[in-house]
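Written below as structure tokens is the structure these notes are about.
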Amino acid sequence: PAAMPISIFNIYLTEQETLSFYSAQNNRVKVMAENRQTLSLPWEVFKPYVTKNGISGRFAVYFDAHGKFQELRRL
């Protein structure tokens, strides 16, 4: 099978920044991938990684051949 397109990025959101995403008007997270591509990802995919201190870490996002979001994984 062909490799899925992948983008890697670091994210650091404070507790307060993280809380702002729980409101309906701010439900997409914009990040800059290591290849300088700007990604806009749905907040829902980050929820499993939220801690009481917010979100931080290095992540890989996987897309299908059509550029549709498939999966987010912490690296």
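The values are calculated or read from the model by the stated rules, or taken from the named source; none is laboratory data. Just so it is clear, the model here is predicted, and its values are computed rather than measured. All Cβ positions, glycine included, derive from the backbone under ideal geometry; neighbour counts span all protein chains shown. Ligands, DNA and RNA are excluded from the accessible area calculation, which covers all protein heavy atoms including side chains. Shrake-Rupley method; radii C 1.70, N 1.55, O 1.52, S 1.80 Å.
Some observations on this one:
- If the chain linking Glu71 and Asn27 were pulled fully straight, counting 0.36 nm for each residue of separation and taking away their Cα-Cα distance, it would gain 14.1 nm.
- Over the chain, relative contact order from alpha-carbon pairs under 8 Å, at least 6 apart, %: 38 percent
- Taking chymotrypsin sites (Phe, Trp or Tyr not before Pro) across the range 1-65, the ones in a DSSP loop with at most 16 further Cβ atoms lying within 10 angstrom of their Cβ are Tyr22.
- Loop trypsin sites (Lys or Arg not before Pro), the range 45-75 (other Cβ atoms within 10 Å of the site Cβ: 10 or fewer; DSSP): Lys52, Lys68
- Whole-number D in µm² s⁻¹ for the chain, Kirkwood Cα-pair radius fed into Stokes-Einstein, 20 °C, 1.002 mPa s: 166 µm²/s
- Of the solvent-accessible surface of the chain, computed with a 1.4 Å probe over protein heavy atoms with every protein chain present, carbon and sulfur atoms account for 53 percent.
- GNM remark for the chain: springs join alpha carbons under 10 Å apart, and the peak mean-square fluctuation among Ser40, Ser23, Ser56 falls on Ser23.
- Gain on full stretching of the segment that runs from Glu44 to Phe63 - 0.36 nm per residue minus C-alpha separation: 5.2 nm
- Label separation (Glu15 vs Glu34): 3.1 nm, computed from points 7 Å beyond Cα along the C-beta direction.
- The range 15-55, relative contact order [Cα under 8 Å, separation at least 6], %: 42 percent
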